[in-house]
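The values are calculated or read from the model by the stated rules, or taken from the named source; none is laboratory data. Just so it is clear, the model here is predicted, and its values are computed rather than measured. No Cβ is skipped: glycine too gets one built from the backbone with ideal geometry, and neighbour counts run over all protein chains shown.
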């Protein structure tokens, strides 16, 4: 003999009570690979658990394979069970999908979130004008647009300063190598220009700048970057624009060559 055990909890006249006339069909997998159906009536249930000896145990290879709720004189409870199961898996699947999408969104946001960013352009000359006053100018060298992220620290400043001075974007003296010398080796100038719009996030067609550091903190970080470059290179080779001012920037690009430095991704 073989006991077939399954559960059938129907909210149909009680939490565990089974009311109405219905039947449950249990499919067995036989040794020869065929299926055999056993029909179990309502009187073979006991408090939601069905038990019935099966004389086909000698033919049964894998026991109960599938329990299929089948028809009967009253199939309302069975239909209710099916609907409840369907809703359960629907909401479970929806919840898992929502969690997955949320995780992907956070991952994309983290990838988009960048710390201090510097756009480095190789120039033959560059100047910044505020009103009628030229507040900063360099000859041959680099013009650097700097965006400060709201989470930036001194480590980000040091990274940008170090990479900027070591960036090899000039050819060798004999022209044999295209990317051989850095700004120190050519004695070039560095024109620093603060540009918070580098921290943009597009929302449709409108840029949003909530990732940019506030004016007070950004001004301090910008000054730290200038001081680090002056300390590691040369004071008279560093020029800047004017922080929080409307500036006209004039550049004569050389190449052009443009490199983007990002302190978070180390790129």
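Summary of computed values
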| read-out | value |
| --- | --- |
| Of all residues in region 206-243 being closer than 21 Å to residue 122 by Cβ and part of a loop (DSSP other than H, G, I, E, B), the one that is nearest to the chain's Cα centre (by Cα) | 241 |
| Options 226, 150; residue that is in the same structural domain as residue 128 (by TED's automatic domain parsing), surrounded by 15 or more Cβ atoms within 10 Å (Cβ to Cβ) and at pLDDT 95 or above | 226 |
| Residue 256 assigned to a strand (DSSP E or B) and farther than 27 Å from residue 171 by Cβ | no |
| Single condition residue 203 does not satisfy, out of (1) over 16 Å from residue 122 (Cα atoms); (2) surrounded by 14 or more Cβ atoms within 10 Å (Cβ to Cβ) | (2) |
| Near pairs, Cβ below 7 angstrom, 6+ apart or cross-chain, from region 190-208 (outside the structural domain of residue 147 (by TED's automatic domain parsing)) to any residue that is surrounded by fewer than 21 Cβ atoms within 10 Å (Cβ to Cβ) and modelled with pLDDT of 95 or more | none |
| Qualifying residue in region 168-190 (condition: part of a helix (DSSP H, G or I) and surrounded by fewer than 12 Cβ atoms within 10 Å (Cβ to Cβ)) | no |
| Check on residue 234, under 20 Å from residue 183 (Cβ atoms) and in contact with a strand residue (DSSP E or B) (Cβ under 6 Å, 6 or more places away or on another chain) | no |
| Residue within region 193-203 that is assigned to a loop (DSSP other than H, G, I, E, B) and farther than 16 Å from residue 141 by Cβ present | yes |
| Where a residue in region 115-136 is outside any strand (DSSP E or B) and its partner, wherever it lies, is surrounded by fewer than 17 Cβ atoms within 10 Å (Cβ to Cβ), with Cβ under 8 Å and at least six apart | 115/151 |
| Qualifying residue in region 115-127 (condition: at pLDDT below 90 and closer than 30 Å to residue 213 by Cβ) | yes |
